[in-house]
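Following: one structure in structure tokens, then a few remarks.
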Amino acid sequence: MEDVGFDVHRGELVAVMGPSGSGKSTLLLVVGGLERPDAGSVTVAGAELAGLSEEALYRHRRQHIGFVFQNYNLIRTLTAVENVALPAELNGMSYRKAVSEAEEALRAVGVGDLARRFPDQMSGGQQQRVALARALGGGRRVLLADEPTGALDSHTASGVLDVMARRVADGAAGIVVTHDPSVAARAHRTIHLRDGRIEHIGVARAGTVR
């Protein structure tokens with residue numbers, strides 16, 4: 001990727017679009033600290049990621065960045081509530097409080113009744129909601145989502161987007177990679193990539209929180 005530069009503010013949801021191979025998922029991985037850029041700088045939640053050690057980067061990512069992966073990335077041997085509670089536990093929260101907050105997060109995304117189920121006992125849409133609950137937990141300031149509605153029916157997809165929009169409205173900064181124009185229509189801005197470069201940045205919607 002070259003000459004890619006933009007800011008995303010708290011209270012703002014930005015959609016990243018472009019053809020396959022344009023660099024959308026790579027961009028998300030770099031912003032999320034899962035890949036390091038060859039050059040340039042990436043500042044997320046007040047920290048320049050290139051300047052962090054691997055341990056510090058892991059800690060910063062866990063505390064500040066919620067990532068919704070396209071393939072869910074749930075731990076198969078943990079229940080829904082255990083998957084959602086795990087990051088908070090790793091951050092030092094007590095098991096009891098982490099589980100309580102995880103249960104609340106699952107209810108917020110409409111799958112509170114699945115708290116004790118394992119991923120293999122859930123549909124794809126249910127797993128995506130659990131993954132979203134995990135990303136939203138702990139008051140993280142940055143929400144990143146890679147095609148979060150790609151495998152969902154329109155009703156379930158709308159519900160997932162509603163939850164993301166509420167979290168952004170509460171003060172998170174959100175970036176969603178998508179091919180779906182209806183998803184992009186929910187964003188405040190759209191960034192179009194082609195061949196690893198920004199081709200176009202759409203005008204912000206009226207009422208964007210900056």
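The values are calculated or read from the model by the stated rules, or taken from the named source; none is laboratory data. Please read all numbers here as calculations on a predicted model, not as lab measurements. Please note: Cβ atoms are built from the backbone with ideal geometry, for glycine as well, and neighbour counts cover all protein chains shown. Heads up: the accessible areas ignore ligands, DNA and RNA and are worked out on the full protein's heavy atoms, side chains in. Shrake-Rupley method; radii C 1.70, N 1.55, O 1.52, S 1.80 Å.
Computed packing ranks the peptides 186-196, 45-55 as 186-196, 45-55, most packed first, by mean other Cβ atoms within 10 Å.
If you count the DSSP beta bridges with both ends in the chain, what percent of them are antiparallel, to the nearest 5? Expressed as a percentage, antiparallel bridges in the chain total about 25. Put TYR58, TYR72, TYR95 in order of accessible area, highest first, and with a 1.4 Å probe you get TYR95, TYR58, TYR72. Listed peptides 140-152, 112-124 appear in the order 140-152, 112-124 once ranked by packing, highest mean of other Cβ atoms within 10 Å at the front.
Determine the share of region 72-123's accessible area contributed by carbon and sulfur atoms, expressed in whole percent, with a 1.4 angstrom probe.
Numbers: 1450 of 2900 Å².
Ligands and nucleic acids excluded, carbon and sulfur reach 50 percent.
Put simply, the C-alpha atoms of the chain give a gyration tensor, and the ellipsoid matching it has half-axes of 27, 20, 15 Å, longest first.
In region 10-57, inverting the average of 1/r over every pair of distinct C-alpha atoms gives 12.1 Å as the Kirkwood radius.
Each other residue within a Cβ distance under 12 Å of ALA47 adds +1 if Lys or Arg and -1 if Asp or Glu, for a net charge of +2.
In the chain, the DSSP-assigned H stretches of four residues or longer account for a calculated mean residue ellipticity at 222 nm of -11000 deg cm²/dmol, using -39500 (n - 2.57) per stretch and the full residue count as denominator.
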